[in-house]
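The values are calculated or read from the model by the stated rules, or taken from the named source; none is laboratory data. Just so we're clear, the structure is a prediction, and the values are computed from it rather than from any experiment. Please note: Cβ atoms are built from the backbone with ideal geometry, for glycine as well, and neighbour counts cover all protein chains shown. Protein only, heavy atoms only, side chains kept; ligands, DNA and RNA dropped before computing areas. Shrake-Rupley method; radii C 1.70, N 1.55, O 1.52, S 1.80 Å.
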Amino acid sequence: MQSMLVLHRRPLGEAGQLLNVFSEQDGHVLLHAPRRGQRRLELNCLYEAGWQPDLDWPRIVACQEIRRITLDGDNLYCCFYLNELLVRLLPRGESMPVLFRLYGRVLDGLASGQLPDPWLRIFEYHLLQQLGVGFFWHLDASGHAVQADGHYRFVPQHGFVSAADGWPGHWLLGMAAGDGDNRRWRMARYVLRQALEFELGNPVASRELLMAPGGAQWQ
């Protein structure tokens, strides 16, 4: 048995559901949740579950709900966005326990009514780090320290390079120190979107929900 959260689900007819889950030990896995003897597994719930090999996908043989995380409105859209990133970017079967625990903290932060922007940016940054394509706010693309009085632009898969019309170096250093303000979070949103879009190749479908009239403006 191990902790897991459901990221995406689709029906398998009378056979049940096919689930993308993020588990603490096995990372991103595809699981078959059989209809018989199993209730519908929900998003935003922490489960303890066990599974075993089967013909097509590992089959869930035991599952217990541990905690339900209540999200609605904008925060639910933010969850859809994070789930899409995980489904599309995480390799299958690679353990990422640090990222799994961070994901749980992000959901708790959203559920408690905290501002989404910092939580989303923190998670995006650490997701890129875990995938091995991340960058550091305090270092440029050559590994040299960012200068507070310098200016930098971001190049996906490389990092920050000097540019007269770029972001102020002290903004980058502020992010590295965890000292964000509205301007810095907007910068972080732009930089992280560049980095993620390069890795994804195609647009994030859930962003349409976030940017729709009346939807969240955090992505």
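Per-structure values
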quantity	calculated
Test: residue in region 55-62 that is under 18 Å from G104 (Cβ atoms) and in contact with a strand residue (DSSP E or B) (Cβ under 7 Å, 6 or more places away or on another chain)	no
Extreme residue, farthest from C45 (Cα to Cα), among residues of region 63-85 that are touching a residue at least 12 places away in the same chain (Cβ under 8 Å) and part of a loop (DSSP other than H, G, I, E, B)	L71
Filter result (in a loop (DSSP other than H, G, I, E, B), of a type in the set (S, T, N, Q) and within 24 Å of S206 (Cβ to Cβ)) within region 23-62	N44
Residue in region 88-96 that is touching a strand residue (DSSP E or B) at 6+ places or on another chain (Cβ under 6 Å), closer than 30 Å to Q2 by Cβ and surrounded by 19 or more Cβ atoms within 10 Å (Cβ to Cβ) present	yes
Check on L43, open to solvent by 40 Å² or more (accessible area, probe 1.4 Å) and touching a residue at least 12 places away in the same chain (Cβ under 8 Å)	yes
Residue in region 163-208 that is surrounded by the fewest Cβ atoms within 10 Å (Cβ to Cβ), counting only those that are among the acidic types (D, E) and within 26 Å of N83 (Cβ to Cβ)	E208
Number of the exception - P156 against (1) open to solvent by 20 Å² or more (accessible area, probe 1.4 Å); (2) more than 20 Å from L85 (Cα to Cα)	(2)
Enumeration of residues in region 156-196 that are outside any helix (DSSP H, G or I), under 22 Å from the mean Cα position of the chain (by Cα) and more than 14 Å from I122 (Cβ to Cβ)	P156, Q157, H158, G159, D181
Residue match in region 115-135 (condition: acidic (D, E), closer than 24 Å to M96 by Cβ, in a helix (DSSP H, G or I) and modelled with pLDDT under 95)	yes
Count of residues meeting criterion [in contact with a helix residue (DSSP H, G or I) (Cβ under 7 Å, 6 or more places away or on another chain) and at pLDDT below 95] in region 160-182	1
Residue within region 21-28 that is at pLDDT below 95, of a type in the set (A, V, I, L, M, F, W, C) and closer than 26 Å to L131 by Cα present	no
Which listed residue is of a type in the set (K, R) and within 22 Å of W185 (Cα to Cα), from R105, R67, R101, R10	R105
